[in-house]
1. Could you check the stretch 125-184 and list, in sequence order, the residues that are touching a Leu at 6+ places or on another chain (Cβ under 8 Å), surrounded by fewer than 21 Cβ atoms within 10 Å (Cβ to Cβ) and part of a strand (DSSP E or B)?
2. Ala85 passes all but one of (1) out of contact with any helix residue (DSSP H, G or I) (no Cβ under 9 Å at 6 or more places or on another chain); (2) assigned to a helix (DSSP H, G or I); (3) under 30 Å from Gly195 (Cβ atoms); which number fails?
3. For Pro174, all conditions in the list (1) farther than 24 Å from Val60 by Cα; (2) free of Cβ contacts under 8 Å to residues at least 60 places away in the same chain; (3) out of contact with any Gly (no Cβ under 9 Å at 6 or more places or on another chain) hold save one; what is the number of the exception?
4. Which residue is modelled with the lowest pLDDT, if the candidates are limited to the stretch 97-151 and must be over 15 Å from the mean Cα position of the chain (by Cα) and among the hydrophobic types (A, V, I, L, M, F, W, C)?
5. Counting only residues that are among the hydrophobic types (A, V, I, L, M, F, W, C) and touching an Asp or Glu at 6+ places or on another chain (Cβ under 8 Å), which one in the stretch 22-46 is surrounded by the fewest Cβ atoms within 10 Å (Cβ to Cβ)?
6. Tell me the residue from Asp164, Asp184 that is under 22 Å from Ala114 (Cβ atoms) and over 17 Å from the mean Cα position of the chain (by Cα), please.
7. Residues of the stretch 47-58 being surrounded by fewer than 19 Cβ atoms within 10 Å (Cβ to Cβ) and assigned to a loop (DSSP other than H, G, I, E, B), which ones?
8. Condition (residue is closer than 17 Å to Glu144 by Cβ and either modelled with pLDDT under 95 or in a loop (DSSP other than H, G, I, E, B) (or both)) applied to the stretch 69-82: is it met by at least one residue?
Amino acid sequence: MTGTGAGARRCAGLLLTGGSSRRMGHDKARLLVAGEPLARRTARLLAAVAAPALEVGPGVTDLEAVREEPPGGGPLAAIVAGAQALGRLGHRGPALVLACDLPLLTADALAVVAGRPGARSVLPFLGGRAQPLCARWSPDDLDEAAVRLARGERSLAGLPDRRDAEILDELAWPSGVGAGALRDADTPAELAALGVAWEPGGASGPAIGS
């Protein structure tokens, strides 16, 4: 059940870094954009608008990291592991859920998604396509993710629940903050289409910030 009070209004953050990056051909979390690893950049922006903020993945940022089970088990497993970790920290409110493949992301754009009134999910749409991995998930949707995972499901289809979520389409953004900041990139061609200059990062080595 959705919580009440200050804890329900406060927005936490989950950064998912455990993807395989097969289509990119390089670890997306470690891609260098303007000289900064993409996951570390995203973590910095997330921490500016959400608390507590956690990484769910192998530990490539300065955020406290937890691991999904099994490692690399997909975004649903990662979201559930992150939500459980937030619960252990005493957080019962909504959480921003972010993939690490958002090279144009800004703190202002995240603040729009995180700061919508209430505790229900906020689901951005870009080009008519839902962005569940750059969205605010309500406590109820985080609970539903755990129920589905326990049933053996792996898909994010229908989450967050559009029947209750606030749909944030491109026309709903405030002046001066573009929804384009939420565009993701799964391939080198998509990075090029976004005008993003990048370099492959290190494939191994110590976690960033360790």
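The values are calculated or read from the model by the stated rules, or taken from the named source; none is laboratory data. Model, not experiment: these values are computed from the prediction. Every residue, glycine among them, receives a Cβ derived from its backbone with ideal geometry; neighbour counts consider all protein chains shown.
1. Phe125, Leu126, Ala130, Glu166, Ile167
2. With (1) out of contact with any helix residue (DSSP H, G or I) (no Cβ under 9 Å at 6 or more places or on another chain); (2) assigned to a helix (DSSP H, G or I); (3) under 30 Å from Gly195 (Cβ atoms) applied to Ala85, the lone miss is (3).
3. (2)
4. Looking at residues that are over 15 Å from the mean Cα position of the chain (by Cα) and among the hydrophobic types (A, V, I, L, M, F, W, C), I get Ala119.
5. Keep residues of the stretch 22-46 that are among the hydrophobic types (A, V, I, L, M, F, W, C), which gives 24, 29, 31-34, 38-39, 43, 45-46.
When the remaining residues are screened for being touching an Asp or Glu at 6+ places or on another chain (Cβ under 8 Å), the result is 24, 31-32, 38-39, 43.
Values: Met24: 19, Leu31: 25, Leu32: 17, Leu38: 28, Ala39: 29, Ala43: 27.
Applying the filter and picking the extreme gives Leu32.
6. Details: Asp184 fails: over 17 Å from the mean Cα position of the chain (by Cα).
Exactly one of Asp164, Asp184 is under 22 Å from Ala114 (Cβ atoms) and over 17 Å from the mean Cα position of the chain (by Cα), namely Asp164.
7. Ala51, Pro52, Pro58
8. Quick first cut of the stretch 69-82, residues closer than 17 Å to Glu144 by Cβ only: 74-82.
Filter once more, so that each one left must be either modelled with pLDDT under 95 or in a loop (DSSP other than H, G, I, E, B) (or both): 74.
There is at least one residue in the stretch 69-82 that is closer than 17 Å to Glu144 by Cβ and either modelled with pLDDT under 95 or in a loop (DSSP other than H, G, I, E, B) (or both).
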